[in-house]
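Engineer: I'd like to ask some things about the structure below.
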Amino acid sequence: MRLKMCDQILKTRFAYFKDSSGIAREIDWVFVLVIHYNFSREGFEFSFPRSGDAEDVERLRNTFKKKRNCSFYEILSPTKDEFFELISNEEKLLQLFRGGSDLNCVPQIFILFILSHGNSDGIIYTDHFQPNSKELVHFYRHEVFQKLASLINFNNCLKFINFGPCRGLEDDPILSPSENKLKTNFKVSKLYFVPNIYENLVVVYSTLETKLAKREGTANSLTKKGTYFVQSFCDVLDELQRDTNFADVLTMVQHEVHRTTTTSPFNKTGQTPEFALFPHQRIIIRCIKKVTPQPGISCGHDGKADTSRLKNTPMHRDAREHFFKWQSETGETLRSRRAAIFRDPEVSKYQAMKMDKALTRNLLFETSLHNITTRELNNYFTNSKLLDFENVGCCLAAFFTSTQVDEKSGEISITTADGVTVPVGDIISTCVGPENKNMTGKPYLFFFINQVSPATDNIMSHEPLLPNYAIRATQYSGFSFFRTERRYI
């Protein structure tokens, strides 16, 4: 195991908290820990060395330490036991970053990058062999969560975890409007809770379950080495033009990876990062880029123009370019929006009607109300395939129902009024399956509201795509999941 630590930390320029009344509170201490395996250890032969690993680590160091004064540490090739001992031991972490174990020095944000090879079902490989074997030692994603849950004094610290490895061996092909290559993949859309951690947690996977994570290409240059996710993540942070909400930054990162992997006509496969956000304080990421400004542009906490600081403020570039443009590849507008709301009329009639009213009046959705029974769900799925969805830009499905969490796996399910349990992943997978090609690349919004009632469903279509309304994307472009433990719903 080789350790490297940067110089003594300073107060960070990374971010600040902002409460509901708009009052900002500084974030002084941010720890960034990079655990990485390059599968090139001296004296060992590996079939698949991780090219670009050094470039990723150096880019992270430059973005977090040099530009934002975060306390940065990188550990190359720790054993499984060494890694687990570190991330479950508060004193060792504080000693590593601060040179002491004073619990008053716990960071406000702890960022953990895990960069390695991996496989489906949460497997992450080390580059250490098992004794008397050519099999690699590996650990599981859920084991990382279990170890982090041991950091009791870090409960109020936001933990941001990036799992960088591949999560399977499948490519994520860019789809052509002229042919239907969509597959049913239930593993991609399963939703889980993280055991024993219910808040102050953001989990980012560089790719979706069963999919490969791409390397050796970035948004700026296809000749630059490194992984698509790390390089795009740093590109977004380095180029922020104004202080930006953390959730918006993640959206921008997802768009950057999407743009990098899908805009070139020579690229045949794409990549979609997956995000899981649990309840946490509102965080605003600072802009740090200093260039010749345009008049009236400020990087202040209140978002208002401050002409007294023009010499030190960044040039403005509209951040909306990172968000869904509501247009097809040919420029056709995609303004039509549809929503299906499922509820138990005896339990959630008021809430469902309130959502229906908000969607129709404020957001111009075409809505439909449904009872949450198996028959109603099956009828809805059948009828939705016959609808004309080619010019629809967004679909929404809301379920006011009781939810359950499997104690072993953490998988989330819902229950219909007639007592049928349906995994949430099965519902979502219907929306990106072979019969719903017209919604490829367009937003899917799902709301599962835990109530003493049941639910299930989807929305989408089957009609052949017209080229005028096609979007160049992969089957899973744009997936994001916002999760909350039942006591927060």
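Read-outs: derived from the displayed coordinates by stated rules, not from any lab. Every value quoted in this text rests on a predicted model; they were computed, and no experiment measured them. Cβ placement follows ideal geometry from the backbone for every residue including glycine, while neighbour counts extend to all protein chains displayed.
Engineer: Quick one: if the Förster radius is 45 Å, what FRET efficiency do T79 and S20 give, using the C-beta to C-beta distance and rounding to 0.05?
Structural biologist: Working: r = 45 Å, r/R0 = 0.99.
Given R0 = 45 Å and the Cβ-Cβ separation, E is 0.50.
Engineer: Provide the gained length on full extension for the span K354 to E216, in nm with one decimal, where the gain is 0.36 nm per separating residue minus the Cα-Cα distance.
Structural biologist: Values: separation 138, 0.36 × 138 = 49.68 nm, distance 4.84 nm.
Extra length available between K354 and E216 comes to 44.8 nm.
Engineer: For a quick protection proxy, order the peptides 73-84, 14-25 by their average other-Cβ count within 10 Å, most packed first. Don't skip to the answer; put the middle values down first.
Structural biologist: Details: 73-84: 17.4, 14-25: 13.7.
So the peptides 73-84, 14-25, ranked by packing, come out 73-84, 14-25.
Engineer: Full extension from Q146 to S88: what is 0.36 nm times the residue separation minus their Cα-Cα distance, to one decimal in nm?
Structural biologist: 20.0 nm
Engineer: Quick one: which residues, 5+ away or cross-chain, put their amide H under 5 Å from the amide H of G270? H built at 1.01 Å from N.
Structural biologist: D172, I174
Engineer: Now for a separate question. List the residues, sorted by chain then number, that are 5 or more residues from F129 or on another chain and whose placed amide H is less than 5 Å from its amide H.
Structural biologist: HN-HN under 5 Å from F129: V137.
Engineer: Here's something else I'd like to know. Please list 361-373, 116-128 highest first by mean number of surrounding beta-carbon atoms within 10 Å per residue.
Structural biologist: Details: 361-373: 15.8, 116-128: 19.7.
Listed from highest to lowest mean packing, they are 116-128, 361-373.
Engineer: Follow-up question, since we're still on this one. Starting from 0.36 nm per residue, how many nanometres of slack lie between R13 and T333 once their C-alpha separation is accounted for? Don't jump to the answer; show the numbers that get you there.
Structural biologist: Values: separation 320, 0.36 × 320 = 115.20 nm, distance 3.98 nm.
That pair, R13 and T333, stretches by 111.2 nm at full extension.
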